[in-house]
Amino acid sequence: MIVLMTNAVGPVGEALGEREPFGPMKKLDHDQLVAEQQRQLVQPRRDYSRSAKLLFATMDLVYGKTRTLEKFRVIEVVARVPYMAWESVAYIAMTHTSKRPDFARRVYDRAMVARFEQDNEQWHLLILEELTSQKRRHWLRNRVIPQVLAVAYYQLSWMMFVVNPKWSYRLNADFEDHAAHEYAHLVEENPQWEDEAFVSKFEADYGSYDNLADMFRQIGYDEVIHREESELMMTQPRYR
Ligand SMILES: [Fe+2]
Ligand SMILES: [Fe+2]
């Protein structure tokens, strides 16, 4: 059941409450999560595009090369925006294709997939926000710059998707591949998480895990699924 935390629950909220929450893309058990993490650790990275390399270099420059939770929080601030851009373009496309309902229905599928991916990234962000909430945040480095990065990345994703969707899918596949590898290394670098419980306000939404390590492995696996989806879409980028 979806747990609504807002103070104002109307009839839509009540109806929503009867649905299952959409948390991880595909929930794995402990052994599967460990196997997926190991697979990521040995899998070569994608051949990243220049725009992806520029983004990763900017993040390393501003937040350092060390894998900190704060850096992952910033990754998650940026991670959602291509899906927002694709959803926005899909809705515009549907408006202009209302005379071809079959086509519009297929475009709707793309919008729906993008929305689920966006929601999934949102849980990642909220969990990272929660885990870093005690840390002091610098207003420029930790508040303004992530927002600026996200806005610029949104504009880039939107423009690429309109001009040639394959470019936008490729950039996202690179971003997700980078995230999947980084999470695999993050878990490897923090063995103490194997004995640390995952206690969160978002457990009802994102699921329960044996420990913090498995929760991060699940996020890493979500990133793998996002990458695979974008890689597939690179082969059929246009709405048909
Ligand atoms: Fe994510
Ligand atoms: Fe992601």
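Which of the residues that make up region 115-137 are of a type in the set (Ser, Thr, Tyr) and either part of a helix (DSSP H, G or I) or within 15 Å of ligand 1 (Cβ to nearest atom) (or both)?
Applying the first criterion (of a type in the set (Ser, Thr, Tyr)) to region 115-137 yields 132-133.
If the condition is that a residue be of a type in the set (Ser, Thr, Tyr) and either part of a helix (DSSP H, G or I) or within 15 Å of ligand 1 (Cβ to nearest atom) (or both), then Thr132 is the only one that fits.
Annotation: Glu36 fulfils all but one of (1) under 30 Å from Arg240 (Cβ atoms); (2) surrounded by 11 or more Cβ atoms within 10 Å (Cβ to Cβ); the unmet one is (1).
Considering region 130-186, and only residues there that are among the hydroxyl-bearing types (Ser, Thr, Tyr) and in contact with an Asp or Glu (Cβ under 7 Å, 6 or more places away or on another chain), the residue that is nearest to Asp214 (Cα to Cα) turns out to be Tyr183.
Yes or no: Glu188 surrounded by 13 or more Cβ atoms within 10 Å (Cβ to Cβ), more than 16 Å from ligand 1 (Cβ to nearest atom) and within 19 Å of Tyr221 (Cβ to Cβ)? So Glu188 passes the test.
Per the conditions (1) farther than 19 Å from Ala173 by Cβ; (2) assigned to a helix (DSSP H, G or I); (3) of a type in the set (A, V, I, L, M, F, W, C), the sole criterion not satisfied by Leu28 is (2).
When Tyr48 is tested against the conditions (1) surrounded by 17 or more Cβ atoms within 10 Å (Cβ to Cβ); (2) part of a helix (DSSP H, G or I); (3) of a type outside the set (S, T, N, Q), the lone failure is (2). Only residues that are more than 16 Å from ligand 2 (Cβ to nearest atom), within 23 Å of the chain's Cα centre (by Cα), aliphatic (A, V, I, L, M) and surrounded by 17 or more Cβ atoms within 10 Å (Cβ to Cβ) were counted in region 66-116, giving 4.
Taking the conditions (1) away from ligand 1 (no atom under 16 Å from the Cβ); (2) surrounded by fewer than 23 Cβ atoms within 10 Å (Cβ to Cβ); (3) assigned to a helix (DSSP H, G or I); (4) at pLDDT 95 or above in turn, Ala204 satisfies each one other than (4).
The values are calculated or read from the model by the stated rules, or taken from the named source; none is laboratory data. None of the values given here were measured: they were computed from a predicted structure. Quick reminder, even Gly has a Cβ in these numbers, built from the backbone with ideal geometry, and neighbours come from all protein chains shown.
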